[in-house]
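What follows is a set of notes on a single structure, which appears directly below.
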Amino acid sequence: MLITLEGIDGSGKSTLHMELQELLADLDPVFTREPGATWVGESVRRAIAEHIDPVTEATLFVADHAAHIAKIIRPALADGKLVISDRYSDSRYAYQAVTLQGVIPKPEEWLRAMHNGWSIVPDKTFLCVLPIDAALARLKPSNEREHFERRDILEKVQDNYLEFARADPFRFIIVDAMKEKDEIAIFVADSIRQILRSSLSHRRL
Ligand code: TYD
């Protein structure tokens, strides 16, 4: 079972990921992340820091994803593990669709095509949503932020995420990221347990 956590910078999904490690410890999940689950993530971090061209950056994120699938996701799923990833392919479709706007034609289609045939679609995706002002207030001062962390970019990124959720309401579960962090973590942990239970009972049928 593959669960992913998505949302804009400042949406609290990394805190949520950490809290789930305690709340779901008895299930012994594999906790992982993008970018940076393998050494390929170092080149991604460098590309972000140097603000290299958007095509290089996007393809490095995809390379990081490929290594993540090969080294961590696929083996863990083959072992029957519960895998919980802080960011995954929807981050590309949401962020790089914005950074590649005007650089290549139809960025989202291009990004999705890059994943087709080898990537693994998550079983469920928790999308942390909040007003952009609240997200920006949680981030570092503007001069220390990554180039994605601008208001105009985050607005478009969150709109993209919400569009994906509308298009696939079965996979996406929207989380109100303005709620108290423990309340969010308990809601997501309980939902994951329920999803596991229902997938087990379906398998028995
Ligand atoms: P992340 O490490 O999750 O951010 P944080 O610094 O909050 O821990 O991700 C770093 C940045 O990379 C973040 O702004 C989102 C962006 N990103 C993409 O643009 N595309 C992607 O495919 C991924 C995985 C991340």
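The values are calculated or read from the model by the stated rules, or taken from the named source; none is laboratory data. If you're wondering where the values come from, they're calculated on a predicted model, not measured in any experiment. Ideal geometry is used to build each Cβ from the backbone, glycine not excepted, and the neighbour counts take in all protein chains shown.
For the stretch 110-148, residues that are among the β-branched types (Val, Ile, Thr) and closer than 19 Å to residue 64 by Cα total 2. Among the conditions (1) charged (D, E, K, R); (2) within 18 Å of the chain's Cα centre (by Cα); (3) modelled with pLDDT under 95, residue 9 misses just one, which is (3).
Please state which of the following conditions residue 148 fails to meet, knowing it meets all the rest: (1) at pLDDT 95 or above; (2) within 19 Å of residue 34 (Cα to Cα). Only one criterion is unmet by residue 148, namely (1). Residue count for the stretch 18-46 satisfying the condition of being under 26 Å from residue 175 (Cβ atoms), more than 9 Å from the ligand (Cβ to nearest atom) and at pLDDT 95 or above: 15.
Scanning the stretch 114-166 for residues that are of a type outside the set (Gly, Ala, Ser), surrounded by fewer than 13 Cβ atoms within 10 Å (Cβ to Cβ) and in a loop (DSSP other than H, G, I, E, B) yields a total of 6. If the condition is being in contact with a Lys or Arg (Cβ under 9 Å, 6 or more places away or on another chain), on the phi < 0 side of the Ramachandran plot and crowded, with 21+ Cβ neighbours inside 10 Å, then the stretch 61-87 contributes 61, 65, 68, 85, 86. Total residues in the stretch 141-150 satisfying the condition of being over 18 Å from the mean Cα position of the chain (by Cα) and either among the aromatic types (Phe, Trp, Tyr) or over 21 Å from residue 99 (Cα atoms) (or both): the figure is 1. Residue count for the stretch 47-92 satisfying the condition of being in contact with a Phe, Trp or Tyr (Cβ under 9 Å, 6 or more places away or on another chain), at pLDDT 95 or above and within 10 Å of the ligand (Cβ to nearest atom): 9. Just wondering, is there one or more residues in the stretch 118-140 that are free of Cβ contacts under 8 Å to residues at least 24 places away in the same chain and farther than 30 Å from residue 189 by Cα? No, the stretch 118-140 contains no residue that is free of Cβ contacts under 8 Å to residues at least 24 places away in the same chain and farther than 30 Å from residue 189 by Cα.
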